[in-house]
Amino acid sequence: MKYHLNMKRITLILASLLALAIQPADARKQPKTQSKAHSVVAVPAIEKTLVTVETDHSQLVLVTDRKGTLYNYHYGAKLSAPEDFLRYETRINAGYGTGPMAYPTQGGAYVNEPALAVKYADSYRNTELRYLSHTQRAKGNVVTTEILLKDYVTELEVRLFYDAYQKEDVILAHAEIVNGGKQPVTLVNYASSAMVFDAEKYLLTHMYGDWAAEMQVDRELLTHDMKVIETKRGTQATQWNNPSFLLSLNTESFSETEGEVIAGSLAWSGNFRLSFEQDVTHRLTVLAGINPFSSDYPLAAGETFTTPEMIWTWSCRGAGQASRNLHAWARNYGVYGGDKVNPTLLNSWEGAYFSFTTKTLTDMIDDAAAMGLEMFVLDDGWFATKYPRDNDKQGLGDWELNTSKLPEGIDYVASYAHSKGLKFGIWIEPEMANPRSRLAEEHPDWIVRAPGREIVQRRNQWLLDLTNPAVQDFVYGVFDNTMQLSGKIDYIKWDCNRHVMNVGSDFLGAEQSRFYVDYVQGLYKVMRRVREKYPDTIVQCCSSGGSRVDYGSLKYFNEYWASDDTDAMERVRIQYGTSLYYPAGTIGSHVSDVPNHQTKNVTPLKFRFDIACSGRLGMELQPKNLSAEERALADRCIRSYKQYRDLVFGGDLYRLLSPYEGNYYALMYVAPDKSRAVVFTYCTNYLNRAIGAKRINLQGLDPDRRYKVTELNVDKSCYSGSGQAFSGGFLMNGGFNPVLFKTFDSAVFLLEGE
Ligand code: DGJ
């Protein structure tokens, strides 16, 4: 046996020598960035080092071992003595291979999914990061920790950044990957952040969906091994899922109010990947970042790659608090103009589609003004002359005014809106072209396409190649030129109605694997230019509704269109799902016509308003089709919305009843000082009349304060206590019981502290 093994080894050595001898000379002269192959680089032992990243209530504890490997030991409640972790040893840390690495790399003893995998010029793929130093600096509410790590053989550096938002209990994490060597390298995996948890059970809440059914909730108890949530769609990245999740620890049931919950959301508008890997000890490593799918990213000598931000928050008071943390951070920092109230509006799409004249629009403006709305938005169909945009088959890309349709011009319509006291908005979809357009005829090289292959159409359109700086200039120009059509444009609705298919870029040539990343970075470059020149313009991120809902886009956009499904009953789940991560003021939510254009359902106008009023209220219909009675109700609902919308935009959200768990949906927004609140309640399924007086426990009120409860927009309330005052404690502990038992019963209550 022994002899046999030795013979085998000798045969192998001879074979390798032979292979070396017959290798072409060039191959043997390959650059050797890791050429100290057989003399192991000695790493001096260091003192164990502790790095803590803290917010008002949470703490992330990172500790090095004596080799300088950085571990993530704790993300959760604030500890009084985190330095105790300097004496924390586990068998697993001692080289078992699955240690809780702060930023796991392919290499060393680590054999699970890496955050970072690098292919070096000599084709080796080993990276083992060692701690070199860290700094911490405070600026107002934000403390930034920067940790410098370096591979101990190559010149590859990683800087980990953690921005800790004290009051909101939010930590933003990203990495800078620096190729400090003299040879190019290729990034194979390059996640933004890793987080490690040591719980017994993990209940994961994440999203799924499709066009007109976005943001549906999926929930599962994680098993061992790997769960991945990702998209490869390139654009419209959030139509089928979302780069956001909730993780309830040590429980099998979801709670809005109790237990430890982590929320995470990646600020990236393209391919994303969230992985959840649970090992035999129940340790869970969560990686979040750009999806490495088909995206090997070249990094030249001296170049740095900056990953998108991963937003983390921790709550010990259930999912509700986790959402509120994200919302508060979003309003203060994450959403462009997130601290402002966006105007109510009438959008022309479902009321007029492509068929309108100037008179159609001015009539709609008159009606919008009469109803008390604050803005009119002209949707698709106003542009293109050679191939007029009279349907979705042509004209997209040709952004000159269609003068036969609107001979008086955009400025006339915008000025008319302003003269009636309304703001004016207009629709663009600058990343796209119909094949039947001057743009596609003149710039075929700007289209995303692969040589010799069919360019797959989606909604009769092609995608422009935003990796190309000339296309970026064009897309910026569409925004800029549209703004020049009138000095009275207050709002742009930016649409994006398809995803990437049959990918290929004439511009990228031999570097096709940059496409998915460079596309998103191209979009962000355009948006930065837009914001430099137009800081005050309200820009809506539309994207077919719900397809670009992420904190990468919200850095530049004020709000988004949550779904093309405007059926109020459908919106219950879409808006509930969206509220898990994104604040209500960003959710464009419109009252539309019946039968609904998507579902054909007929829903009472009151129910439609009560749903739309829980976000940024708008209307999406031809007002002329409303009866006098409906107009009166619309006026009333719009008027009362203005009374409490500061709470929708700036209050703390409490989800009271989930549409997934029964026959009701209920939520409320409470003023930060608890002086006022607005409560929305809906019956989504018929119930026996006897059990119709639903007891709903309100939340977030001051238990000792008395609140006057008033049901809005009705002559006769469904709540016997409407008009009376009750203590917050009473309302929060089961005394609040409006009678809602028929499908579509709904009620909105204003609570005013005495
Ligand atoms: C899709 C959007 O979601 C709609 O609101 C509308 O703007 C159409 N595009 C216009 O083509």
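Every read-out reported here was derived from the displayed coordinates using simple, explicitly stated rules and does not represent laboratory data. Bear in mind the structure is a predicted one, so any value in this text is a computation, not a measurement. Reconstructed Cβ throughout: ideal geometry from the backbone, glycine too, with neighbour counts over all protein chains shown.
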| task | Within the set of other residues whose C-beta is less than 14 Å from the C-beta of Leu626, count the net charge using Lys and Arg as +1 and Asp and Glu as -1. | result | -4
| field | P(r) tail fraction, the chain - alpha-carbon pairs more than 42 Å apart, % | value | 35
| Straight-line reach from Lys742: which lysines have Cα under 27 Å away, leaving out those fewer than 8 places along the same chain? | Lys600, Lys606, Lys694, Lys708, Lys716
| said: If amide hydrogens are placed 1.01 Å from N in the peptide plane, which non-local residues have theirs closer than 5 Å to the one on Thr344? | reply: Glu374
| note | Debye calc, one equal point scatterer per Cα of segment 588-668, no solvent, log10 I(q)/I(0) at q = 0.12, 0.16, 0.18 1/Å comes to -0.39, -0.69, -0.85
| note | Summed over the other residues with a beta carbon less than 14 angstrom from that of Ile538, with K and R at +1 and D and E at -1, the charge totals +1
| remark: Any residue on another chain or 5+ positions along whose placed amide H is under 5 Å from the amide H of Thr238 is listed here as Arg548, Val549
| note | Taking 161-174, 292-305, 331-344, 573-586 and ranking on average Cβ neighbours within 10 Å, highest first, one gets 573-586, 161-174, 331-344, 292-305
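Could you tell me the relative contact order of the chain? Use alpha-carbon pairs under 8 Å, at least six residues apart, and round to a whole percent.
9
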| note | Summing +1 per Lys or Arg and -1 per Asp or Glu among the other residues with Cβ less than 12 Å from Cys637's Cβ gives +4
| request: Binning at 10 Å from 0, report for segment 655-753 what percent of all alpha-carbon pair distances ends up in each bin. | output: 17, 53, 27, 3
| field | Angle in degrees between helix 515-533 and the longest Cα principal axis of the chain, rounded to the nearest 10 | value | 50
| message | Let's test this: bin the Cα-Cα distances of segment 432-547 at 10 Å from zero up to the farthest pair and state each bin's percent. | response | 13, 43, 34, 9, 1
| query | Average projected area of the Cα convex hull of segment 335-561, in nm²? | reply | 11.8
| query | On a 0 to 90 degree scale, rounded to 10, what angle separates helix 568-579 from the longest Cα axis of the chain? | reply | 40
| message | Can you show me the helix-derived [θ] at 222 nm for the chain, built from DSSP H runs with n ≥ 4 at -39,500 (n - 2.57) apiece and divided by the number of residues, rounded to the nearest 500. | response | -6500 deg cm²/dmol
| field | Per-residue ³J(HN,Hα) for segment 160-173, Karplus 6.51 cos²θ - 1.76 cosθ + 1.60, θ = phi - 60°, Hz, x for Gly and Pro | value | 9, 10, 10, 9, 9, 8, 4, 5, 8, 6, 10, 10, 9, 10
| field | Computed Kirkwood radius, in angstrom, where 1/r is averaged over Cα pairs of segment 43-334 | value | 19.3
| Within segment 433-484, which GluC sites (Glu not before Pro) sit in a loop by DSSP and count at most 11 neighbouring Cβ atoms inside 10 Å? | Glu454
| note | Against the 2.2 N^0.38 Å rule of thumb, the C-alpha Rg of segment 491-635 sits at a ratio of 1.25
| request: Within 10 Å, count the other beta carbons around each residue, average over each peptide in 493-500, 66-73, and list them highest first. | output: 493-500, 66-73
